[in-house]
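Read through the structure below, which is laid out as structure tokens, and then see the notes.
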Amino acid sequence: MTLISAPAGAGKTSLLASWLAAEPRTVAWLTTRPQLTEAGFWAEWLAAVQNVAPARSALRRLAGPRSGTPAPFVVQLLNGFVELEEPLVVIVDDFHSVRSPDICAAIEQLLRAAPTSLRLVLSTRHDPPLPLHLLRASGELTELRASDLAMTPDEARELLDGLGAELDPHALDLLLERTEGWPAGIRLFTLAHRARGRGGSVLDAIELDERPAMDYLLAEVLQRQPDDTRDFLLATSVAERFTADLANAMTGRTDSAHLAERLVAENVFIERLETQPPWYRYHHLFAELLRAELRHTDRGRIAQLHGRAARWHVENRAPMDAVQHALAAGDLELLAECLVEGWFELVARTDAGFRSELLELVPEAEIDTSPAMSAVLASIEFINGNTRNGSRRLTRARKGWPKTADAASRAVLLFAELLHSTHKGKFSETARISRELLELAEDGPFSAQAGETMQSIALSHLGLAQVALGDLADADTNLSEALEASRIADVPYAELVALGAMAWVQLIRGHLRRAARIARNAVDLAQSRGWEHSSQAAVALTALTLVEYEWDDLDAADAHARELGDNARRVDDATGRLWAAAIQASLCLAGRAMDADLALERLLGASGLSGVESPRLDRVVAVLNARLLAASADHDGAAELVDAAIEEHPSSPGLHAARARLRLAAGDAEGALAALTEPCDAAYPTVAIERDVLRSMALRATGHDDAALSAIEDALARAEPEGIRRPFLSGGRGVRDLLAEHLRKAVSHRWFASELLRNLDGANGSRTAPSELLEPLSAREGEVLRFLPTMMSNGDIASELFVSVNTVKTHVKSIYRKLDVARRQDAVRRARQLHLL
């Protein structure tokens, strides 16, 4: 890599251009700009490279990423350079405009593994966040700094001679001292010197700030232009950069393309950017001069020019530029119009930083003047994870909303309402609004792009609501359509929602591996767009955490559950908060550190506050509440809770499984079998596995050993393809004995059964015992247990209870088996976990 790092005006670009002119070679050149997105950066990178790469090179076939800087794209880019037989130089000018850490990380990866065919040249005003020290140490970095680019006396004299300016040696030394060899300063002085006449006295007026240069530009450049050209320069200066079409819209001219090209040819401090169509920008000193002159001579025109620029940007799908110009115009009605017209671009395709910048630009006191503006900003707040602010802005929008609003304005409010209902877990409302938005997208006066965006967003939310409400068949159809539409229309937000809901569909159907893959893709997408703290990302994270729980990857599930809970509290996500509490309750039952009473308290608190509309989640919470009550030794309360839940959901296989579990814990194996034979809906795979495991334990307890082994084999057959482990591991010693006997007598599923057996035997040191006791202690065993924390021996306990020592030993051995421990100390600890002591 060659790094050219120096201030503005040091001659970096001129140096590169002259080097290429002197030594022609294969070069790809791109110039960055501040508002260029990651995808835009890589698109321009590829356009430059593909313009010079060999015809059959893999680089010619490589497509840029739709968003972010995905790792596979960087690998493909690197592989493309590896194939090149001849070196290719890639020049990135104005690299200081690149602010994305992901782009810098990708550049670092390219440098670390770069083949000899890649030569990278970065021109920048400041050092980039790259491991320059490592490149220096390895001899792979050439650096040019401001001191290297600063003109020496010979170079300055050569420049002056070329420009026809003569200075005596003393004056030249003074010029170099004042400018420190800064090429732009020397050139500007030289132009001024030629205009004012020769003589060393001119040097006395030089100051190293912008005013002298701007004075010169005013007198020697701007004021020498014809009136119509000067008017064009002043009008177009309000834009950071412009095309001929934008200049025509701002000035009312029709010949802006010809005029801009003439200014370039005359070197009137304007640069033509290498884009199609060409964009132009003024030298920053010249632009500042033009804007200052416009403020001085025609201040009232500035708002009009910004307004015209805003409307042009809206028409050309550049909403953020439109909004900035509308703000500069101070026209709130125009600002609201820009927000309404470009809401789908602002909300659906921009990243979090882009939207946050908009929120900062709009004065809070002025938002109430436009309900549409409040609705758009509410949507941005919701997506950014600021649910409370979003709700407050949405309330303002509702209060001032006109009774007869046009379709575009109605779509804005509908979208804000859609996000709000989804955040609150009001999924019936989400489904209703989604259908209304779909109708509006089909019948409303929207552009094809806006209609496709609205359709993909509405379908994704409709599918998500249907998953929550239990309508998986329709959800599957709508989500598949939403995913396809979001990718065709390039709507990452809709893609994220659809992926998260699709992960849930696969999870519920027992396809855990597919669910995990889809959920991880969604989480990665959220992180790349700055949406990792949103409720949309929480949908995918919840699915991934539940998969990890079923796989018995408790450490990962615990970490993700904590992250989910933190994010849900931060963004006031009702559904995410309740699922986080449910997963943490499940982890408690699996033996994690949280106390059962605390887990129950958190679950009750989350369910009491949530108001989430989801029958599936209601049933999950009821089951967990009952199991936590049982773990806290409140077996009667647990049974009453399950009975009440079954009365409300009589055909739920999961609730009947919970009843069977409680009856097993009470020693009623026949009652457990009866609960498992109650007529109910078809169980989804994970629930079906749990029912098979419980059935096998109940059959074993009633003496039907062969049937018990058949049931455990059915459970293994269901569980092994997807690696579902938790239903077995939550069964404790009873399942352990069944698995051991299965391995002695059967030949199927031996690897999976062996792994489960090792886990139940404690081979996995990270596991702890579950918080439930499926086989309760007898009354006499409970009496013996109370003596175990003391220093009393078995003989002492026997004397206290008036029984033989052998009887005490038998009870102790049974206690150890039921608590799934091998030592007295572990039995005491485990009994305290279960609130038996």
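The values are calculated or read from the model by the stated rules, or taken from the named source; none is laboratory data. As the structure is a computational prediction, the values presented were derived from the model and not from experiment. Positions of Cβ are backbone-derived with ideal geometry, glycine not excepted, and every protein chain shown enters the neighbour counts. Calculation scope for accessible area: heavy atoms of the full protein, side chains included, ligands and nucleic acids excluded. Shrake-Rupley method; radii C 1.70, N 1.55, O 1.52, S 1.80 Å.
Picking from residues in segment 660-677 that are part of a helix (DSSP H, G or I) and open to solvent by 60 Å² or more (accessible area, probe 1.4 Å), the one that is farthest from residue 635 (Cα to Cα) is 670. Quickly run through segment 805-837 and pick out the residues that are small (Gly, Ala, Ser) and within 23 Å of residue 597 (Cα to Cα). Passing the criteria: 827, 831.
Out of the residues in segment 613-630 that are of a type in the set (D, E, K, R) and within 32 Å of the chain's Cα centre (by Cα), which is nearest to residue 575 (Cα to Cα)?
Filtering first and then ranking leaves 613.
Of all residues in segment 2-21, those being at pLDDT 85 or above, open to solvent by 30 Å² or more (accessible area, probe 1.4 Å) and either touching a Phe, Trp or Tyr at 6+ places or on another chain (Cβ under 9 Å) or not in a strand (DSSP E or B) (or both) number 8. The residue that is least open to solvent (accessible area, probe 1.4 Å), counting only those in segment 96-148 that are within 19 Å of residue 69 (Cα to Cα), touching a residue at least 60 places away in the same chain (Cβ under 8 Å) and of a type in the set (Val, Ile, Thr), is 103. Residues in segment 474-494 that are within 25 Å of residue 574 (Cα to Cα) and surrounded by fewer than 18 Cβ atoms within 10 Å (Cβ to Cβ): 474 alone. Considering only residues of segment 782-806 that are over 60 Å from the mean Cα position of the chain (by Cα) and among the aliphatic types (A, V, I, L, M), which is most open to solvent (accessible area, probe 1.4 Å)? My answer is 805. May I ask you to verify whether residue 757 is buried (at least 17 other Cβ atoms within 10 Å of the Cβ) and modelled with pLDDT under 85? Against the criterion (buried (at least 17 other Cβ atoms within 10 Å of the Cβ) and modelled with pLDDT under 85), residue 757 does not qualify.
Hey, among the residues in segment 53-65 that are farther than 19 Å from residue 107 by Cβ and surrounded by 14 or more Cβ atoms within 10 Å (Cβ to Cβ), which one's farthest from the chain's Cα centre (by Cα)?
Here the answer is 54.
Would you mind stating whether residue 500 is part of a helix (DSSP H, G or I) and either within 29 Å of residue 591 (Cβ to Cβ) or in contact (Cβ under 8 Å) with a residue 12 or more places away in the chain (or both)? Yes.
Within segment 40-50, not a single residue is in a strand (DSSP E or B), of a type in the set (D, E, K, R) and surrounded by 15 or more Cβ atoms within 10 Å (Cβ to Cβ).
The residue list 285, 234, 263, 289 contains one member that is modelled with pLDDT of 90 or more and of a type outside the set (D, E, K, R), which is 234. Candidates in segment 242-273 are the residues that are open to solvent by 60 Å² or more (accessible area, probe 1.4 Å) and either among the β-branched types (Val, Ile, Thr) or in contact (Cβ under 8 Å) with a residue 40 or more places away in the chain (or both); of these, the one that is farthest from residue 287 (Cα to Cα) is 254.
Looking across segment 274-300 at every residue that is in a helix (DSSP H, G or I) and without any contact (Cβ under 8 Å) to a residue 12 or more places away in the chain, the one that is most open to solvent (accessible area, probe 1.4 Å) is identified as 296. Regarding segment 399-409, can at least one residue be identified that is touching a residue at least 24 places away in the same chain (Cβ under 8 Å), closer than 26 Å to residue 576 by Cβ and either in contact with a strand residue (DSSP E or B) (Cβ under 9 Å, 6 or more places away or on another chain) or in a helix (DSSP H, G or I) (or both)? Looking through segment 399-409, none of the residues is touching a residue at least 24 places away in the same chain (Cβ under 8 Å), closer than 26 Å to residue 576 by Cβ and either in contact with a strand residue (DSSP E or B) (Cβ under 9 Å, 6 or more places away or on another chain) or in a helix (DSSP H, G or I) (or both). Could you tell me whether residue 36 is free of Cβ contacts under 8 Å to residues at least 60 places away in the same chain and either within 18 Å of residue 528 (Cβ to Cβ) or in a helix (DSSP H, G or I) (or both)? Here the answer is no, as residue 36 does not meet what is asked. Within segment 531-542, not a single residue is surrounded by fewer than 22 Cβ atoms within 10 Å (Cβ to Cβ) and either under 23 Å from residue 726 (Cα atoms) or among the basic types (Lys, Arg) (or both). Number of residues in segment 442-465 that are surrounded by fewer than 24 Cβ atoms within 10 Å (Cβ to Cβ) and small (Gly, Ala, Ser): the value is 5. In segment 678-723, of all residues being among the basic types (Lys, Arg) and open to solvent by less than 70 Å² (accessible area, probe 1.4 Å), the one that is farthest from residue 509 (Cα to Cα) corresponds to 695.
Residues are listed down the side, and each one gets a yes or a no for (1) of a type outside the set (S, T, N, Q); (2) open to solvent by less than 60 Å² (accessible area, probe 1.4 Å); (3) not in a helix (DSSP H, G or I):
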{"position": "602", "(1), (2), (3)": "yes, no, no"}
{"position": "620", "(1), (2), (3)": "yes, yes, no"}
{"position": "624", "(1), (2), (3)": "yes, yes, no"}
{"position": "638", "(1), (2), (3)": "yes, yes, no"}
{"position": "641", "(1), (2), (3)": "yes, yes, no"}
{"position": "650", "(1), (2), (3)": "yes, no, yes"}
{"position": "654", "(1), (2), (3)": "yes, yes, no"}
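Restricted to segment 53-165, the set of helices (runs of 4 or more DSSP H) holding at least 3 residues that are out of contact with any Lys or Arg (no Cβ under 7 Å at 6 or more places or on another chain) and more than 30 Å from residue 182 (Cα to Cα) comprises 58-61, 71-83, 101-112. Kindly check whether there is at least one residue in segment 725-738 that is open to solvent by 30 Å² or more (accessible area, probe 1.4 Å), at pLDDT 90 or above and under 21 Å from residue 516 (Cβ atoms). Checked against the condition, which is being open to solvent by 30 Å² or more (accessible area, probe 1.4 Å), at pLDDT 90 or above and under 21 Å from residue 516 (Cβ atoms), segment 725-738 yields at least one hit.
In contact with a helix residue (DSSP H, G or I) (Cβ under 7 Å, 6 or more places away or on another chain) and in a helix (DSSP H, G or I), is that true of residue 230? Considered against the rule, which asks whether it is in contact with a helix residue (DSSP H, G or I) (Cβ under 7 Å, 6 or more places away or on another chain) and in a helix (DSSP H, G or I), residue 230 comes out as yes.
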